[in-house]
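The values are calculated or read from the model by the stated rules, or taken from the named source; none is laboratory data. What you see is a predicted model; the values in this text were computed from it and never measured. When we count neighbours, we look across all protein chains shown, and the Cβ atoms used for this are built from the backbone with ideal geometry, even at glycine.
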Amino acid sequence: MTINNIYANLCFQADAEVTDTLFNGENVRIERICSSGQTGDVYDQCEHEWVLVLEGQAELLLVDQDKHIRLKQGDCFFIPARQRHQVTYTSETCLWLCVFWNDRSVTMSGKDAS
C-alpha cells in the first residue's frame, strides 16, 4: 500500500499545464492538474467531470448557456457529460483535482445500454 501526497512534487510551468493521473480505473479517472495562467479549447466530453480548485483561481465558460463560473480555492463544480465548457482563466498557480467518470448504464450515443 502506497500513500501519496496531493501537494508533493507540484510542477507549475508557464508554457503548458501539467497533468498527473492519480488513479485510473475501469469507469473513473482522477487527475491532478497544475495550471499556470493557461486557458483551453472548448471541451465536449463523453465523461462527467467534477473539479475542485485546491489552490488559486479559475474561470469556466459554460458555452451553451454563455455562463461564466468563477472558482476559488476550495470551490468545486460538477460538469455533466456533453456539457460544452472552456477554461477561460487560471491564476499563475492553480491546482485542480479532477474526477472523470462514465455511467455504466449510458452508451456513447446516450441511450440505455439495456
Selection status of residue 49, surrounded by 14 or more Cβ atoms within 10 Å (Cβ to Cβ), part of a strand (DSSP E or B), touching a Lys or Arg at 6+ places or on another chain (Cβ under 6 Å) and of a type in the set (D, E, K, R):
no
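Assess whether residue 58 counts as being of a type in the set (A, V, I, L, M, F, W, C), surrounded by 14 or more Cβ atoms within 10 Å (Cβ to Cβ) and outside any strand (DSSP E or B). Steps first, please.
Working: of a type in the set (A, V, I, L, M, F, W, C): yes; surrounded by 14 or more Cβ atoms within 10 Å (Cβ to Cβ): yes; outside any strand (DSSP E or B): no.
So residue 58 fails the test.
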Looking at segment 61-84, which of the residues that are out of contact with any Phe, Trp or Tyr (no Cβ under 8 Å at 6 or more places or on another chain) and charged (D, E, K, R) is surrounded by the most Cβ atoms within 10 Å (Cβ to Cβ)?
75
Scan of segment 61-76 for residues that are over 18 Å from residue 92 (Cβ atoms) and either of a type in the set (S, T, N, Q) or in a strand (DSSP E or B) (or both), ordered by number
61, 62, 65, 67, 68, 69, 76
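Being in a strand (DSSP E or B), touching a strand residue (DSSP E or B) at 6+ places or on another chain (Cβ under 7 Å) and surrounded by 15 or more Cβ atoms within 10 Å (Cβ to Cβ): is that true of residue 22 here? Don't jump to the end; show me each part of the working.
On the way: in a strand (DSSP E or B): yes; touching a strand residue (DSSP E or B) at 6+ places or on another chain (Cβ under 7 Å): yes; surrounded by 15 or more Cβ atoms within 10 Å (Cβ to Cβ): no.
No, not satisfied.
Might you check whether a residue that is at pLDDT below 95, exposed (fewer than 13 other Cβ atoms within 10 Å of the Cβ) and assigned to a loop (DSSP other than H, G, I, E, B) occurs anywhere in segment 27-40? If you could, list the steps in order and put the result at the bottom.
So in segment 27-40, the residues at pLDDT below 95 come out as 27, 40.
With the extra rule that they be exposed (fewer than 13 other Cβ atoms within 10 Å of the Cβ), the set shrinks to 27.
Going one step further and asking which of them are assigned to a loop (DSSP other than H, G, I, E, B), we end up with 27.
The answer is yes, given that some residue of segment 27-40 is at pLDDT below 95, exposed (fewer than 13 other Cβ atoms within 10 Å of the Cβ) and assigned to a loop (DSSP other than H, G, I, E, B).
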When both residues are 6+ apart or on different chains and their Cβ atoms are under 9 Å apart, which pairs have a first residue that lies in segment 8-28 and is in contact (Cβ under 8 Å) with a residue 60 or more places away in the chain, and a second that is assigned to a loop (DSSP other than H, G, I, E, B) and exposed (fewer than 10 other Cβ atoms within 10 Å of the Cβ)?
27/104
What number of residues within segment 77-114 satisfy the criterion of being modelled with pLDDT of 95 or more and part of a strand (DSSP E or B)?
17
Which residues, counting only those in segment 38-51, are farther than 11 Å from residue 95 by Cα and of a type outside the set (S, T, N, Q)?
40, 41, 42, 43, 44, 46, 47, 48, 49, 50
